[in-house]
Amino acid sequence: MTGYYSSSQTSPVTHGFLREDNGTITSFDPPGSTSTTALSINAVGAITGYYQRANGRVHGFVRHPTGHITSFDPPESTGTYPASINYSGAITGYYTKADGRRFGFVRDAAGTITSFDPGIYSNPTSINDQKVIAGTYAGNTGSSGFLRSPGGTITLLNAPNVCGPSILQPTSINEGGVVTGWCSGEPTRGWVRFPAQPAGPEFVYVANRNSNDVSGYRIDATTGALTAISGSPFAAGSGPRSVAVSRRR
């Protein structure tokens, strides 16, 4: 487990920490850090996040399982904000340039950084073991969630029947390509997106916290259009916040 903490209730200074399986907690900071934010850890214990120096500049870092810390920044970065690290050590996040724009990036385990830009304001949030990246972006024509393939192809995520006028905000993608996140705006809803299967329909389910039910939709494999499943929405008790799906034969 990783995260960050403050040593004083009145101090804005934070430090990273690693909690091992046996409960041992190790505090850490990159050299020169005045405040450290650790955000993601992979299965072998590598940690990524960002830290701030005394001059106010924010830099990315990776803490290796040995404890050694490497600082990094994409070219032209005025602030680097890693968000997620996968099993192989690939890292994604965003960085800012002097003009204020945000760009996405992926850094491989060898340290090579590739920048990408689905819009004017890019915010990658998660990378899975297949190096597929999920996140959100804003552009001249609006905002959307997105997926970026390992080869660089970007697919926009829009589901007006799920989020209405709100934006799909992906927060995590697993090794099977299942994406989860939330709808910005009111009412706030959680959602999960399953990748297309070779045979059979694809479904998406949404927990509706305010109306105490769960909506189910069938996704057209060709057009991506959503059609409500018969009987949807389904009663789900008080204030559902997430959905777990089990296949029955």
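From the list G135, G79, G67, which one is assigned by TED's automatic domain parsing to the domain that holds A43, within 19 Å of L39 (Cβ to Cβ) and in contact with a strand residue (DSSP E or B) (Cβ under 7 Å, 6 or more places away or on another chain)? If you could, list the steps in order and put the result at the bottom.
Working: G135 fails: assigned by TED's automatic domain parsing to the domain that holds A43; G67 fails: in contact with a strand residue (DSSP E or B) (Cβ under 7 Å, 6 or more places away or on another chain).
Every option except G79 fails the conditions.
Comparison of Y81, Y95 shows that the only residue that is surrounded by fewer than 21 Cβ atoms within 10 Å (Cβ to Cβ), among the hydroxyl-bearing types (S, T, Y) and under 22 Å from P150 (Cβ atoms) is Y81.
Determine if region 198-205 includes at least one residue that is of a type outside the set (K, R), in contact with a Ser or Thr (Cβ under 8 Å, 6 or more places away or on another chain), modelled with pLDDT under 85 and not in a strand (DSSP E or B). Scanning region 198-205 turns up no residue that is of a type outside the set (K, R), in contact with a Ser or Thr (Cβ under 8 Å, 6 or more places away or on another chain), modelled with pLDDT under 85 and not in a strand (DSSP E or B).
Checked against (1) assigned to a loop (DSSP other than H, G, I, E, B); (2) modelled with pLDDT under 80; (3) farther than 20 Å from Y137 by Cβ, S232 passes all but condition (2).
When the test is whether a residue is crowded, with 18+ Cβ neighbours inside 10 Å and at pLDDT 95 or above, P31 does not pass it.
Of the numbered criteria (1) within 27 Å of S149 (Cα to Cα); (2) surrounded by fewer than 18 Cβ atoms within 10 Å (Cβ to Cβ); (3) among the hydrophobic types (A, V, I, L, M, F, W, C), the one A38 fails is (2).
For I85, the conditions (1) modelled with pLDDT of 95 or more; (2) more than 25 Å from K131 (Cβ to Cβ); (3) not charged (D, E, K, R) are fulfilled apart from (2). Has region 114-137 got any residue that is of a type outside the set (V, I, T), modelled with pLDDT under 95 and either more than 29 Å from F194 (Cα to Cα) or in contact with a helix residue (DSSP H, G or I) (Cβ under 6 Å, 6 or more places away or on another chain) (or both)? No, every residue in region 114-137 fails to be of a type outside the set (V, I, T), modelled with pLDDT under 95 and either more than 29 Å from F194 (Cα to Cα) or in contact with a helix residue (DSSP H, G or I) (Cβ under 6 Å, 6 or more places away or on another chain) (or both).
Only one entry in G176, G216, G181 is modelled with pLDDT of 85 or more, closer than 15 Å to S126 by Cα and either among the aliphatic types (A, V, I, L, M) or surrounded by 12 or more Cβ atoms within 10 Å (Cβ to Cβ) (or both), namely G181. Of everything in region 145-165 that is assigned to a strand (DSSP E or B) and buried (at least 20 other Cβ atoms within 10 Å of the Cβ), the residue that is farthest from the chain's Cα centre (by Cα) is L157.
Which of the residues belonging to region 56-66 are farther than 13 Å from G89 by Cα and without any contact (Cβ under 8 Å) to a residue 40 or more places away in the chain? Those that are farther than 13 Å from G89 by Cα and without any contact (Cβ under 8 Å) to a residue 40 or more places away in the chain: G56, R57, V58, H59, T66.
Counting only strands (runs of 3 or more DSSP E) that sit completely within region 15-62, those holding 1 or more residues that are of a type outside the set (S, T, Y) and under 22 Å from the mean Cα position of the chain (by Cα) correspond to 35-41, 47-52.
The values are calculated or read from the model by the stated rules, or taken from the named source; none is laboratory data. Worth saying up front: this structure is predicted, and the values here are computed from it rather than measured. Glycine also receives a Cβ, built like all others from the backbone with ideal geometry; neighbour counts cover every protein chain displayed.
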